[in-house]
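These notes are about the structure you will find just below.
Since every read-out is calculated from the coordinates, none of them should be taken as a lab result. Just so you know, these numbers come straight off a predicted model, no measurement behind them. Every residue, glycine among them, receives a Cβ derived from its backbone with ideal geometry; neighbour counts consider all protein chains shown.
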């Protein structure tokens, strides 16, 4: 693989990546609006999935196979993020009647 | 451009509506259960089509196996987190949305 410095060459494979990026950024409005913390985490998960898809497309477009490894790390971290969020933050006060403030 | 490249590009383009549907559903749907429904479409089918297109365009079969593993990891993550979030929301007595 040839290491190339400077801005990468734009080719037609990058248009799907750009469209997916726009859709993910539009979805981030839910983080501003979302009534509960879980809604905000759903937007974050959509960002993770969209990030994986964008990285896979860019790995093809820019001929950089190492981006596939980055996407693998993203995919593995997405699982851990949601499990930790539910177990430690959002689901631990079940049926006690004393719920924490949902805005954080 | 070979035939597999063409087919892969077509699959990549086919994935875009699922991502748009996922984010629009995340914005437009009324409560958290329906938003989970919208989100898993983007996770499963959108990323699945991207992975399928990338497999068709990849040059070595080991890269294809790695891409399949990525899709499998995202599927597992999406399934587990969907169950956990819906279960926690149910235990918090968040009622499902009904037609007004």
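A Förster distance of 45 Å, applied to the separation of the beta-carbon atoms of residue A:69 and residue B:34, puts the FRET efficiency at 0.80. Relative to the dominant Cα principal axis of chain B, helix B:3-28 is inclined by about 10°. Helix B:47-57 and the longest principal axis of the Cα set of chain B meet at an angle near 0°. Taken as Cα centroids, the stretch B:1-37 and the stretch A:11-53 sit 11 Å apart, rounded to the nearest whole angstrom.
Normalised by the number of residues in the stretch B:3-91, the mean separation of alpha-carbon contacts (under 8 Å, six or more apart) gives a relative contact order of 34 percent. Modelled this way, with points 7 Å down the Cα-to-C-beta line, the labels at residue B:5 and residue A:88 are 4.6 nm from one another. Angle, helix B:61-91 long axis vs. longest principal axis of chain B, Cα atoms, 0 to 90°, nearest 10? Roughly 0 degrees between the two axes. Across peptide A:27-34, the average count of Cβ atoms from other chains found within 10 Å of a residue's Cβ is 4.
Going 7 Å from the Cα of residue A:22 in the Cα-to-Cβ direction, what parts of the stretch B:29-67 have a backbone nitrogen less than 18 Å from that spot? In the stretch B:29-67, the label zone of residue A:22 (backbone N under 18 Å from the point 7 Å along Cα→Cβ) covers no residue.
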